[in-house]
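The values are calculated or read from the model by the stated rules, or taken from the named source; none is laboratory data. Predicted model only: the values in this text are computed from it and were never measured. Every residue, glycine as well, gets a Cβ built from its backbone with ideal geometry; the counts of neighbours run over all protein chains shown. Just so you know, the surface numbers come from the protein's heavy atoms only, side chains and all, with ligands and any DNA or RNA stripped out. Shrake-Rupley method; radii C 1.70, N 1.55, O 1.52, S 1.80 Å.
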Amino acid sequence: LTGVLDDCLCDIESIDDFNTFKIFPKIQKLQERDYFRYYKVNLKRPCPFWADDGHCSIKDCHVEPCPESKVPVGIKAGSSNKYSKAANNSKELEDCEQANKLGAVNSTLSNQSKEAFIDWARYDDSQDHFCELDDERSPDAQYVDLLLNPERYTGYKGPSAWRVWNSIYEENCFKPRSVYRPLNPLAPSRGGVFSYLSPFSSCTGLCLEKRVFYKLISGLHASINLHLCANYLLEETWGKPRWGPNVKEFTRRFDPIETKGEGPRRLKNLYFLYLIELRALSKVAPYFERSVVDLYTGNGHEDAESKALLLDIFRDTKSFRMHFDEKSMFAGDKKGAKSLKEEFRLHFKNISRIMDCVGCDKCRLWGKLQTQGLGTALKILFSEKEIQNLPENSPSKGFQLTRQEIVALVNAFGR
């Protein structure tokens, strides 16, 4: 890819250089820190739109939790603060780690991690939250170590995977006038996750806001597909999987000839998604620059280092001069702009609910996390005045981010 992105005064080469040499090394380090590696998620929520009809085609795609008598699955809302040390001897931990194959979510946590979560929750509860997600308080919500559960190819494909993305594009995405989408969920698949979908060919005829929405969803789709191609199950011999880049699969999804010209547009939308989330990080910097905000884990030294690294990333984001300018969005008459903004919000909220229809837990985990991360970015971009008016030394009722939103934002951008 080369050249300028639509709806931005930005060229791809500048983004590549900025990301490769400034942002990526730092964001990678940040994702490895305790505050950002643990994400609380409910993988048991039923699909609200249709009967749960599809699961990963590989048996290890579902979660293989350790028996509660050995190692608790996660930290549950309102659960006791007492944990048995005897429940976590090394042999049992070793057995549990064997469950981390393909799509199985490794929900193993050490005693130290579990005790830290109790402190984090207590600290979070003392903050003035902007909003509270029911999902976090659910007895089925569990902490997942993202480093033990990388996003990669799991074998989840076919009509169930197609239905998820088709529903996202058809029912929740502002559609362009010209539509080219050869869809056949019953056709023999050539392999791969979400392999049937071919997004719309252009955004002609859409206002800026609707173009932005469509391109964000397309970019998210491209991001997920790229990670599956980059971390693909190449072979499995004697129960030992070998993961690596699958160039053939990448070509099938993104090559101009293979995709009838769609591939490069999908990748451009990924760059657009990057710019939107980059813009959100630069806008939310004042929130974190206040002394009242800590990345609290209970380890003062590590917390200080994590915040210093995050603030360093914010400085880099501000140094990039070719952001997407969100001020041009929703800038029409107040009534029309308010209505469009609400429509925008409801469409996105619906997409986050569709992620509960993904039949593979590993895919569902990363789908939910990246959707929440993008939702947090949009929340930031629509709250500029509230962020500018934050009090320096006290929590604000006007704008607040939960730990979940912060973790999702950083990891989604990291993806």
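Here are a few things to note about the model shown:
- Pick from the stretch 8-32, criterion in a loop (DSSP other than H, G, I, E, B) and open to solvent by 50 Å² or more (accessible area, probe 1.4 Å), ranking: farthest from LYS318 (Cα to Cα): GLU32
- Check on LEU340, modelled with pLDDT under 80, part of a helix (DSSP H, G or I) and touching a Phe, Trp or Tyr at 6+ places or on another chain (Cβ under 9 Å): yes
- Taking the conditions (1) buried (at least 21 other Cβ atoms within 10 Å of the Cβ); (2) in contact with a Ser or Thr (Cβ under 8 Å, 6 or more places away or on another chain); (3) at pLDDT 50 or above in turn, ARG177 satisfies each one other than (1).
- Considering residues of the stretch 311-327 that are modelled with pLDDT of 80 or more, surrounded by 15 or more Cβ atoms within 10 Å (Cβ to Cβ) and over 21 Å from the mean Cα position of the chain (by Cα) only, the residue farthest from SER167 (Cα to Cα): ASP316
- Checking each residue in the stretch 247-287 for being assigned to a loop (DSSP other than H, G, I, E, B) and either out of contact with any helix residue (DSSP H, G or I) (no Cβ under 9 Å at 6 or more places or on another chain) or open to solvent by 30 Å² or more (accessible area, probe 1.4 Å) (or both) picks out ASP255, PRO256, ILE257, GLU258, LYS260, GLY261.
- Residue match in the stretch 21-29 (condition: in contact with a Ser or Thr (Cβ under 7 Å, 6 or more places away or on another chain) and either at pLDDT 85 or above or not β-branched (Val, Ile, Thr) (or both)): no
- Within the stretch 350-405, the set of residues being part of a loop (DSSP other than H, G, I, E, B), of a type outside the set (S, T, N, Q) and open to solvent by 30 Å² or more (accessible area, probe 1.4 Å) comprises PHE382, PRO391, GLU392, PRO395, LYS397, GLY398.
- All conditions but one from (1) surrounded by 15 or more Cβ atoms within 10 Å (Cβ to Cβ); (2) at pLDDT 85 or above apply to PHE330; the one that does not is (2).
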